[in-house]
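The values are calculated or read from the model by the stated rules, or taken from the named source; none is laboratory data. Just so it is clear, the structure is predicted and the values come from calculations on it, not from any experiment. Cβ placement follows ideal geometry from the backbone for every residue including glycine, while neighbour counts extend to all protein chains displayed.
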Amino acid sequence: MSAQPIAVFDSGLGGLSVVRHLRRQLPDEPIVYFGDTARVPYGTKSKHTVVGFALDCARYLLRFDPKIVVAACNTASAVAIPELDAALPVPVLGVVEPGAAAAARHAQGHPVAVIGTEATIGSGAYLRAIQSHDPTLAVDAIACPLFVPLVEEGRDSDDPLVTLTVKDYLQPLRDDDVRVVVLGCTHYPLLRDAIAGFLGGRVRIIDSGEETAIRVQATLAERDALSRTSGRGSIRSFVSDNPERFERVGSRFLNEPIDHVELVEPDEYAWSAAQHS
Ligand code: DGL
């Protein structure tokens, strides 16, 4: 049981920001990652499409006999967890619930904010999850679609374009005296300094990926499914397009060099497309 990998999927390379925390939290675990780089972004697509893609990604990963499947993509986590739960024979964990739980824990009655893609914010998933922990909390939810391309282009927190965009999107959070902000997208942790700098020291930033890594550890411990072999942690990465770009851009998200990324052909993962054609 414990030699089985943790399977992680994302719309592309952003999920490596979640794997970064899994590696830190669970250094002995084998991880297998699928990035759907052929069909990224998910954050601008409909629920129907994202559910189909998320099922494709997860089903592809089942061939590795994982002990748990982690939906690292916030958009997929926001819209597809019930379908993934129903379809998969192993436990499924998304990033929304761990991030929401941490936000509710730290809010102390103050308004909470969530930032994410259009689809994540439009789904209302974070709002529901936060209020399931504390129905009295006010929740600001703001879509920040420009953050994803800025990060993928290599812009970082001190870039003037980032500073300007952060100010433009997040000014309402300052006005509302928000004290907790959830980074509800895989890419936003790479802009953490700009976001924290703009909102000021009183605001606590929650990284959903970090919270998810803690939850994965707890879930595996509960099931007595943690790896018992120390020093054997590893990552195998598979993508549906452009492995070279994944290696080059992805290492900033993972904070480790990435090598040997394997390309997966559409007939191995794209069942939903075949069903709809
Ligand atoms: N991984 C996505 C998320 O966390 C961001 C990129 C996309 O739109 O696919 O929502």
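Some observations on this one:
- Of the criteria (1) in contact with a Lys or Arg (Cβ under 9 Å, 6 or more places away or on another chain); (2) modelled with pLDDT of 95 or more, which one R202 fails: (2)
- Residue in region 82-104 that is surrounded by the fewest Cβ atoms within 10 Å (Cβ to Cβ), counting only those that are within 16 Å of G43 (Cβ to Cβ) and not small (G, A, S): V96
- The listed residues are Y60, Y42, Y33, and the only one of them that is aromatic (F, W, Y), surrounded by 20 or more Cβ atoms within 10 Å (Cβ to Cβ) and within 12 Å of the ligand (Cβ to nearest atom) turns out to be Y42.
- Condition check for L183: in a helix (DSSP H, G or I) and closer than 18 Å to I121 by Cα: no
- Scanning region 225-277 for residues that are among the polar types (S, T, N, Q), part of a helix (DSSP H, G or I) and modelled with pLDDT of 95 or more returns a single hit, S251.
- Filtered residues of region 63-81 (kept if surrounded by fewer than 18 Cβ atoms within 10 Å (Cβ to Cβ) and not in a helix (DSSP H, G or I)): D65
- Tally, over region 1-16, of residues that are more than 9 Å from the ligand (Cβ to nearest atom) and modelled with pLDDT of 95 or more: 7
- Filtered residue count, region 196-255, keeping only those that are farther than 29 Å from V182 by Cα and in contact with a Leu (Cβ under 6 Å, 6 or more places away or on another chain): 1
- Residue match in region 119-140 (condition: within 15 Å of the ligand (Cβ to nearest atom), over 22 Å from V8 (Cα atoms) and surrounded by fewer than 21 Cβ atoms within 10 Å (Cβ to Cβ)): yes
- Checking each residue in region 165-189 for being without any contact (Cβ under 8 Å) to a residue 40 or more places away in the chain and either touching a Pro at 6+ places or on another chain (Cβ under 9 Å) or more than 16 Å from the ligand (Cβ to nearest atom) (or both) picks out V166, K167, D168, Q171, P172, R174, D175.
- Scanning region 34-61 for residues that are assigned to a loop (DSSP other than H, G, I, E, B) and either of a type in the set (G, A, S) or touching a His at 6+ places or on another chain (Cβ under 8 Å) (or both) yields A38, G43, S46.
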